[in-house]
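See below for the structure under consideration.
The values are calculated or read from the model by the stated rules, or taken from the named source; none is laboratory data. As the structure is a computational prediction, the values presented were derived from the model and not from experiment. Please note: Cβ atoms are built from the backbone with ideal geometry, for glycine as well, and neighbour counts cover all protein chains shown.
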Amino acid sequence: MKNNRGVTLVALVITIIVLLILAGVSLAMLSGDNGILTNAQKAKSDTVKANVRDSINNTYMELLTEAYAKTKTFDADLMKDVANHYCNSSEVTVGEPSGTGSSESPLTMTLTPVSGTGVTGSITLRYDGNLLTRSGTLTDE
């Protein structure tokens, strides 16, 4: 009787076919409309959009707290410092504050998402000596 120790051609062909099927399934999961790479790019875009909105909202909330707590002098320097603290310059442009902070000359500053972040519009913060208000809208591209 012969001693068969080798791999038959049929077993080799079946192994190659199984590997090709696995490779095809893996490529389909990576690419395509619902693939891993597409979902990762969408998640990155959504994260940048959320960072822009959070930066602007955190700036507004911190300044609102300062306006009501009155623990610091509410002036252009405070507005700029708080905005620069919360807003990443690659995502949000912080405008120069203008005005004095009185009812006759309210202190205003505009926060604008940088082009390419997926968010358009701008938010203007206005402080009249007593009340901090926010106007404007942000929309997703």
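Out of curiosity, is Gly95 surrounded by 15 or more Cβ atoms within 10 Å (Cβ to Cβ) and farther than 25 Å from Lys49 by Cβ?
For Gly95, the condition - surrounded by 15 or more Cβ atoms within 10 Å (Cβ to Cβ) and farther than 25 Å from Lys49 by Cβ - is not met.
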Those residues of region 22-61 which are out of contact with any helix residue (DSSP H, G or I) (no Cβ under 9 Å at 6 or more places or on another chain) and acidic (Asp, Glu), in sequence order: Asp33, Asp46
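For region 5-101, which fully contained helices (runs of 4 or more DSSP H) count at least 3 residues that are within 16 Å of the chain's Cα centre (by Cα) and at pLDDT below 95? Reasoning before the result, please.
Numbers: elements: 9-30, 36-69, 76-86.
Here the list reads 36-69.
Just checking, does region 8-23 include any residue being of a type in the set (Ser, Thr, Tyr) and out of contact with any Ser or Thr (no Cβ under 9 Å at 6 or more places or on another chain)?
Our first condition is that a residue be of a type in the set (Ser, Thr, Tyr); within region 8-23, this holds for 8, 15.
Checking which are out of contact with any Ser or Thr (no Cβ under 9 Å at 6 or more places or on another chain) leaves us with 8, 15.
Yes, region 8-23 contains at least one residue that is of a type in the set (Ser, Thr, Tyr) and out of contact with any Ser or Thr (no Cβ under 9 Å at 6 or more places or on another chain).
May I ask you to verify whether Leu64 is out of contact with any helix residue (DSSP H, G or I) (no Cβ under 7 Å at 6 or more places or on another chain) and surrounded by 13 or more Cβ atoms within 10 Å (Cβ to Cβ)?
Numbers: out of contact with any helix residue (DSSP H, G or I) (no Cβ under 7 Å at 6 or more places or on another chain): yes; surrounded by 13 or more Cβ atoms within 10 Å (Cβ to Cβ): yes.
Criteria met by Leu64.
For region 34-45, how many residues are in contact (Cβ under 8 Å) with a residue 12 or more places away in the chain and either loosely packed, with under 13 Cβ neighbours inside 10 Å or closer than 15 Å to Gly121 by Cβ (or both)? Please lay out each step first, then the result.
First, pick out the residues of region 34-45 that are in contact (Cβ under 8 Å) with a residue 12 or more places away in the chain: 45.
Subsequent filtering for residues that are either loosely packed, with under 13 Cβ neighbours inside 10 Å or closer than 15 Å to Gly121 by Cβ (or both) retains none.
Counting residues in region 34-45 that are in contact (Cβ under 8 Å) with a residue 12 or more places away in the chain and either loosely packed, with under 13 Cβ neighbours inside 10 Å or closer than 15 Å to Gly121 by Cβ (or both) gives 0.
Sort out which residues of region 101-113 are surrounded by 14 or more Cβ atoms within 10 Å (Cβ to Cβ) and either without any contact (Cβ under 8 Å) to a residue 60 or more places away in the chain or among the hydroxyl-bearing types (Ser, Thr, Tyr) (or both), and write them in order of number. Let's see the steps before the verdict.
Let us first name the residues in region 101-113 that are surrounded by 14 or more Cβ atoms within 10 Å (Cβ to Cβ), namely 101, 106-113.
Gly101, Pro106, Leu107, Thr108, Met109, Thr110, Leu111, Thr112, listed by residue number.
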Count of residues meeting criterion [within 12 Å of Val92 (Cβ to Cβ), in a strand (DSSP E or B) and not polar (S, T, N, Q)] in region 107-141: 7
